Amino acid sequence: MAKEFHYKPQYGVIVIVENEEEQKKVFEELQKKGMKLKVVTT
């Protein structure tokens, strides 16, 4: 019998910035507010 998985709902916000410097600044500001963050580059 297959084990059933239950996922906790998660919500996120994507912020588009112009360059790496701005990305770092926004990341640090949000981190200071205690937010869990992930950096994504495309």
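Computed from the coordinates by the stated procedures, all read-outs in this text should not be read as laboratory data. Since the model is a prediction, treat every value here as computed from it, not as a measurement. Cβ coordinates were reconstructed from backbone atoms using ideal geometry, including for glycine residues, and neighbour counts include every protein chain displayed.
Compute the longest continuous run of the chain that contains no exposed GluC sites (Glu not before Pro); treat a site as exposed when its DSSP state is not H, G, I, E or B and it has at most 13 other Cβ atoms within 10 Å.
Longest gap between qualifying sites, sites excluded: 19-42.
Between THR42 and LYS25, what length in nm is gained on full extension when 0.36 nm per residue of separation is reduced by their alpha carbon distance?
Difference between extended and current length: 4.3 nm.
Average projected area of the Cα convex hull of the chain, in nm²?
4.6 nm²
Could you go through segment 27-42 in sequence order and give the Karplus-derived ³J(HN,Hα) for each residue, using 6.51 cos²θ - 1.76 cosθ + 1.60 with θ = phi - 60°, rounded to whole Hz, and x for Gly and Pro?
In residue order, the calculated couplings are 4, 5, 5, 5, 5, 4, 7, x, 7, 7, 10, 9, 8, 10, 10, 10 Hz.
For LYS38, go through the lysines and keep the ones whose alpha-carbon is under 24 Å away, minus same-chain ones fewer than eight residues off.
LYS8, LYS24, LYS25
Under 18 Å from a point 7 Å along the Cα-to-Cβ line of MET35: which residues of segment 5-26 have their amide N that close?
In segment 5-26, the label zone of MET35 (backbone N under 18 Å from the point 7 Å along Cα→Cβ) covers 10-26.
Work out from phi, with θ = phi - 60° and the Karplus expression 6.51 cos²θ - 1.76 cosθ + 1.60, the ³J(HN,Hα) of each residue of segment 8-14, listed in order in whole Hz, and give x for Gly and Pro.
Per-residue couplings from phi come out as 7, x, 10, 10, x, 10, 9 Hz.
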